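The values are calculated or read from the model by the stated rules, or taken from the named source; none is laboratory data. Because the structure is predicted, anything quoted here is derived from the model rather than measured. Here the Cβ positions follow ideal geometry from the backbone for every residue, glycine too, while neighbour counts run over all protein chains shown.
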Amino acid sequence: MLTSPETRRLRTGLAATAGGFWLVSLSPVIVAGSDLHGGSMAFWRCWLGLAGVGTIALLRRSITWDSIRRTFAAAFCFGTSIGLFFWAAQLTSIANASLITVLQPIVLMLGARYMFGEVIKRRDILWAVVAISGAVTLVLAADSGGTGDIRGDLLAAVSIVLGAGYFIFGKRVLETVPVVTFMTGVFFWAGLWLTLAVALAGESVTPSTGTDWIRILAIALFPGLGHVLLNVAQNKAPLNLMGIIQLIIPVNATLMAYWFLDQDVTVLQLLGMAIVITALTVQTLFRGPRRVSPDGRPVSDP
């Protein structure tokens with residue numbers, strides 16, 4: 001059976017995951033309606049994030065070239081994914097842009113099983129299917145309050161695999177690299193990549209209004225803090241559970257869009273939200289203890 005410290009570690013990881021994804025879910029609401037291109041928003045998030053975590057890493061003297069080099073793959077996935085996601089949020093409705101969170105858990109569960117050897121039981125799959133079904137209902141039932149541009153949906157779909165790749169590559173690196181050092185490398189490489197991307201696209205990174213500056217600071221602060229919590233959770237919570245908890249994003253993003261952007265919420269969407277919340281509650285709060293081998297690795301039931 002899991003020891004008491006291990007149980008507390010798991011609960012801390014799940015709490016950090018839920019809080020992190022809740023903060024990340026504010027991203028589409030913040031960037032929607034901005035005149036600044038989504039790639040430029042992502043550009044500012046990376047460089048402002050680097051200024052923050054990079055300063056802490058320097059003070060701790062935890063930066064080495066080897067640790068920064070090892071974050072490259074995760075950084076490429078992160079920078080490209082958020083750039084596409086912010087752009088998608090400006091082209092389509094908030095609920096449709098949140099499509100990334102509906103399908104990404106599938107990729108994460110596959111990565112958890114085949115790359116990290118996590119045990120995924122039939123119970124896990126069942127409640128994952130229920131949660132994803134509720135999230136799909138939520139997305140498909142959306143009254144497209146944005147432009148409804150199909151390009152936004154396609155951009156969100158492309159970012160699915162890239163977003164999952166960030167967690168998969170990042171989990172491996174975070175086994176030996178401190179969180180602030182990891183994030184310093186991610187923001188550094190992603191910032192360079194996004195600088196090149198916006199330059200090639202001919203997009204301006206200079207905000208034209210004070211409101212856009214407020215949006216930029218909000219993007220750096222709130223989803224940025226969520227990013228920190230998610231990286232802390234990587235070494236505490238199973239990747240497959242983190243993927244399922246991610247479905248909190250379309251629920252909260254849709255509610256935020258209703259309150260702040262006047263996007264409608266239908267009865268069918270409310271049903272989808274209820275299904276997601278119920279499935280996540282059962283999957284986390286009422287999760288039974290797992291059997292572990294003598295070396296501490298989870299094992300499947302006989």
Residues of region 193-217 satisfying the condition of being surrounded by fewer than 17 Cβ atoms within 10 Å (Cβ to Cβ), among the small types (Gly, Ala, Ser) and part of a helix (DSSP H, G or I): ALA199, ALA201, GLY210
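Within region 45-68, can you find the residues that are among the charged types (D, E, K, R) and within 12 Å of VAL186 (Cβ to Cβ)?
Answer for region 45-68, where residues must be among the charged types (D, E, K, R) and within 12 Å of VAL186 (Cβ to Cβ): just ARG45.
Run down ARG11, ARG45 and say which single residue is within 22 Å of ILE249 (Cβ to Cβ) and either without any contact (Cβ under 8 Å) to a residue 12 or more places away in the chain or in contact with a His (Cβ under 6 Å, 6 or more places away or on another chain) (or both). Quick ask: steps written out before the conclusion?
Details: ARG45 fails: either without any contact (Cβ under 8 Å) to a residue 12 or more places away in the chain or in contact with a His (Cβ under 6 Å, 6 or more places away or on another chain) (or both).
Just one listed residue meets the conditions, ARG11.
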Is it fair to say LEU154 is over 26 Å from ASN231 (Cα atoms), among the hydrophobic types (A, V, I, L, M, F, W, C) and at pLDDT below 85? yes
